[in-house]
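Here is the structure we will look at, set down as structure tokens.
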Amino acid sequence: MGDGSSTGESTLRRQASDGEKLTPKTAVEDLPSPRTSAVLPFQPRVSLDLDDYFTGPRDLSRHSKWPMFMRMHGSIMPKMVLPLLFVGGWATAVTVVSKKVHYLGTNSVLLTITGFVISLGLSFRSSTAYERYAEGRRYWSVLTQCSQALGRVFWIHATDPEGQDPRESMLRKLSCMNLVVAFSLSLKHMLRFEPFTTHSDMQHLISHLNTFASEATREQPDKALPPSKSFFKEAGEYLGVSFATSNPRKAFKKTDRELGNLPLEILNHIAIAIDEMITNGQLDIPMQQTLAYNNLHMMNDVLTGCERVLNTPLPLAYAIAISQITWVYVLLLPFQLIPLLEWVAIPATVAASYIILGLLLIGGEIENPFGRDVNDLPLEVFCEQIAHDMDVIASYDKRDPLGFMKHEDNKPLYPASMAPLGVWAQRDEDTVRDAIRNKPKKTFDLRRAFNLRKSGVPANHHPGDKMV
């Protein structure tokens, strides 16, 4: 998986490439401050640089009009350039030797025997990789659901304590909802092996929390610096060269401070907030308390489930065996195609290798769905959605909770009646009950009349009548 950096880290790397001197102290100070900066925490990628084109995750808001088979963004093609060049050179060498020096062609029955094994191996590789991808997406769907539920608990269900300033009560609730957003962001960075707290998208949400990661960042700011990459290293990562890929867990290995588990520590703060609301009588209904604790537990399940997906890849023996037998099959292709195709065996081998190696490499790319490859899950989009949901929930004004009921556009018996609730509330009870009882019949008559008009049949026509 390609490891990248957040918006603040990209700024630091850009400053370093421009020749500015970066020290550990200035690097931390240059990050957006939660007290002095108004930088948007979620900033979409709009650059057309290669660094943004061949890295991800993919921006779901962008639409491409290119045909699917002509697209490069999201394609596995960049990582297949070197393997296909090697296969082309190998096929050319085998064909030239066979034509000019010694005949190397073999019976093509080997294609049938080994092809079945290769198909089983690639099918197993692809299915297990996509299963992990889909499981990761399910966990983030559950996290979105839990975040929305906890947001409603904090803002809608929780009442204001007696004797407390309403302004302080609202701000406390907002602080609790911000913890939910902070959990999703910290989970994203943990899954990408980014344990420090210098990320601009969540620094304003966790800088006031006492966590191991925050303490380690303050004590060792030099360890929090994003690793710099040379041009050749970045090019090697784009082309899928294994020797150019850095250890994604390097940040954990190079620090000698306890980094803790930031998402788990944030869950502790959310649990304390829930306990405090129950103690103060803000959540006095038992079902509301159960709802809060159940969703807190589900968020913990999401944390452990994502860790399981991240730390339980395909067993190494399977991965090595499938890779080896696939490459053996590809390298044997020209020997079996020469008797049938002669010189055409060269492009035929390259074309067949593109199909076979493409499936192999796709399985390796999506095996970890939380990285920064183009085809990985867009965790930034999910976190942004959770933050937006919290803002939408908090925008509801509870001072007049049932005001929408009295609105003139509230027509409870529509389409049978266009009268608003206030008009029906002034009528006697028997009239209201009769209107509710007759609503299905009147709605059916209106729908039938509409369909008849739409088909050109008179509204007073009945099914038994003959059309003249």
For region 82-102, indicate whether the set of residues that are over 23 Å from Val328 (Cβ atoms) and within 25 Å of the chain's Cα centre (by Cα) is non-empty. no
In region 267-320, residues that are under 30 Å from Glu365 (Cβ atoms) and either assigned to a loop (DSSP other than H, G, I, E, B) or of a type in the set (A, V, I, L, M) (or both) total 14
Of all residues in region 147-170 being in a helix (DSSP H, G or I), touching a residue at least 24 places away in the same chain (Cβ under 8 Å) and of a type in the set (A, V, I, L, M), the one that is surrounded by the fewest Cβ atoms within 10 Å (Cβ to Cβ): Ile156
Those residues of region 405-417 which are touching a residue at least 12 places away in the same chain (Cβ under 8 Å) and closer than 18 Å to Lys441 by Cα, in sequence order: Pro412, Leu413, Pro415, Ala416, Ser417
Kindly evaluate Thr144 against the criterion of being farther than 30 Å from Cys383 by Cα and not in a loop (DSSP other than H, G, I, E, B). no
Going through (1) closer than 11 Å to Pro263 by Cβ; (2) touching an Asp or Glu at 6+ places or on another chain (Cβ under 9 Å) one by one, Met170 fails only at (1)
Which condition from (1) in contact with a Phe, Trp or Tyr (Cβ under 9 Å, 6 or more places away or on another chain); (2) not acidic (Asp, Glu); (3) not assigned by TED's automatic domain parsing to the domain that holds Arg152 is the one that Met418 breaks? (1)
Go over the candidates Thr112, Thr95 one by one and state the one that is in a helix (DSSP H, G or I) and either at pLDDT 80 or above or within 30 Å of Asp373 (Cβ to Cβ) (or both). Thr95
Mind checking which pairs have a first residue in region 182-202 that is assigned by TED's automatic domain parsing to the domain that holds Lys253 and under 16 Å from Met390 (Cβ atoms) and a second that is of a type in the set (Asp, Glu) and modelled with pLDDT under 90, Cβ under 8 Å, 6 or more apart or different chains? Leu185/Asp201
Of the residues Glu265, Glu276, Glu258, which single one is on the phi < 0 side of the Ramachandran plot and within 23 Å of the chain's Cα centre (by Cα)? Glu265
Report whether or not Phe370 is in a helix (DSSP H, G or I), of a type outside the set (Lys, Arg) and either surrounded by 12 or more Cβ atoms within 10 Å (Cβ to Cβ) or without any contact (Cβ under 8 Å) to a residue 24 or more places away in the chain (or both). no
Give region 375-404 a look and list any residue that's charged (D, E, K, R) and in contact (Cβ under 8 Å) with a residue 60 or more places away in the chain, or say none. Asp376, Glu380, Glu384, Asp389, Lys398
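The values are calculated or read from the model by the stated rules, or taken from the named source; none is laboratory data. Everything quoted here is computed from the prediction, not taken from an experiment. Every residue, glycine as well, gets a Cβ built from its backbone with ideal geometry; the counts of neighbours run over all protein chains shown.
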